[in-house]
Amino acid sequence: MNYQFRQITLTIHLAIITAFLNISGCAHQVTHKELHGQQLSLDSPGYYSQASLQKKFQKEWLDNNPPTLGLSLAGGGTKAADFSLGVIQGLDKQRIMPSIDVISTVSGGSYAGLWRESRYWLDHEDAVNQVIYKDCLPSRYAAKMEDKSKLVLLEVCPPFNSTNFESGNNDSYRYQNYLRGYQDIFSSGADIFGTKAFNYQSSSKHSRITNDIGQLVTESLGAAILNIIPNIIFDWEIPISPSRSAYDHGIARTFGATPPSCKEPNGCGDERDLSVDSKEDSFRAEGDISPVSSLSFKDLQHLREQYKMPLWIINTTAGEDRSPWDFTPQAAPEMTVFEFTPYGYGSGTYGYHEGG
C-alpha cells in the first residue's frame, strides 16, 4: 500500500515538474539592445526616417498615404470612456473626425473606441447622421435650473420616466440614454433580487451595489478553488473567473450592443404607456451582445478601407516575463506596450505578427 502511494505521489510530482518546465521553456524573447540594433526601438537613430516608417507601417496606411493626424484616448474606466466619447462627439460635430488618421486607445479610452466602431458597423446610418449623439437634459435637472432662459439651447427629456422615451416619438435619445443607464459594467442584467441593471435613477435603498458585490464575491470564492489546478499549476488559461466574465459582458453590453428601441416590444421592459408616470418601474432592456461579440479585425479593416475610418490601435501592457518577483523598472515602451490593429498585433518583446 505504501509502495502504491509513493508511486502515485511520484507521478503527481513528475506531472507538476513537467508542467513548470513547459511554462519556463518559452521561446526567445527579444531584448531592447537587439531592437536597437535592428533600428526598431524608439531611440534608434533611423527609427523615424521615412524609409523606416514606410517599411514598418505601410500596410496600415490608407490609400498608401502616411498618417498626419492622430487622436489618443487615455484610460480610467467608464469615466475615461465617457470623457473620450465627449471628445469624439465634439470632433464629429465640428467635422474634424474625418481628418483623423489614427486613434490610439488604452483601457477606458478603448471602450469609447469600441462604441464608435461598433456604431458604424452595426448602426451605420445613425452614426453617419450623428443620431448616436442626440441627447436631452433630464427634466429633474431642468426643473432646478435658476436661469430658465438657457433651456432654449437644450432639449429637455420627457418628464415621467427614466428611459427618455415619450409615446409617439422615435426614441431619438436611446443611444445616450442607454449609455447612462448601463454605466456599471460589472452589474448583471438583474441581480438575485430582481433589481435591473439599468439603474441610474436608483438610490441606496435598492441595495444594487451590495447585491452585485455579494453575488460576485460568492461566485469568485468558488471559482478560486477550481482555478488552482488548470490555471495556477498548469497555466492552461481557462477563463473561469466570474469577474472576468462579468467584465467582458459589461463592456460588450454597454459600449457594443445596439440599444433596443422603446417602440419595440419589451424594449423598455414592458408594454405600458411610458408617457404616464411610471415611477421607478421603467427601464431600457439590455441590447444583444452577439453582433458586437462577432466583430472581427477583418471587419475593422472593412470599416477603415470602405468608410475611411481612422486606424484603431488598441494598447495594453505586456510584461517582459511572468515572474511575480520582478520588481525592476518597466522597460522602454516599445518593449512592453502590446498593440492590436486591424492589420496585426504584438510588441517589441514578443514580436509583431500580421493578421487580425
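The values are calculated or read from the model by the stated rules, or taken from the named source; none is laboratory data. Remember, predicted model here, so these are calculated numbers, not experimental data. Heads up, the Cβs are rebuilt from the backbone with ideal geometry, glycines too, and the neighbour counts pull from every protein chain shown. Ligands, DNA and RNA are stripped out before the accessible areas are found, and what is left, the full protein with its side chains, is counted by its heavy atoms. Shrake-Rupley method; radii C 1.70, N 1.55, O 1.52, S 1.80 Å.
Figures for the structure shown
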quantity: Residue among 202, 282 that alone is at pLDDT below 75 and in contact with a Leu (Cβ under 8 Å, 6 or more places away or on another chain); calculated: 282
quantity: Residue 81 open to solvent by less than 60 Å² (accessible area, probe 1.4 Å), free of Cβ contacts under 8 Å to residues at least 12 places away in the same chain and under 30 Å from residue 290 (Cβ atoms); calculated: no
quantity: Test set (1) of a type outside the set (D, E, K, R); (2) surrounded by 15 or more Cβ atoms within 10 Å (Cβ to Cβ); (3) at pLDDT below 50 - residue 25 fails condition number; calculated: (2)
quantity: Exclusive hit being in contact with a helix residue (DSSP H, G or I) (Cβ under 7 Å, 6 or more places away or on another chain) and either of a type outside the set (Phe, Trp, Tyr) or under 19 Å from residue 301 (Cβ atoms) (or both), set 71, 91; calculated: 91
quantity: Unique match (being out of contact with any Ser or Thr (no Cβ under 6 Å at 6 or more places or on another chain), open to solvent by 50 Å² or more (accessible area, probe 1.4 Å) and more than 13 Å from residue 310 (Cα to Cα)) among 56, 33, 134; calculated: 33
quantity: Output for segment 237-279, where each listed residue is modelled with pLDDT of 80 or more, under 23 Å from residue 171 (Cα atoms) and among the basic types (Lys, Arg); calculated: 253, 263
quantity: Neighbours by Cβ (under 8 Å, 6+ apart or cross-chain): first from segment 232-248, more than 19 Å from residue 108 (Cβ to Cβ) and among the hydrophobic types (A, V, I, L, M, F, W, C); second part of a loop (DSSP other than H, G, I, E, B) and open to solvent by 50 Å² or more (accessible area, probe 1.4 Å); calculated: none
quantity: Any hit, segment 53-73, residues being small (Gly, Ala, Ser) and within 21 Å of the chain's Cα centre (by Cα); calculated: yes
quantity: Qualifying residue in segment 142-149 (condition: on the phi > 0 side of the Ramachandran plot and free of Cβ contacts under 8 Å to residues at least 12 places away in the same chain); calculated: no
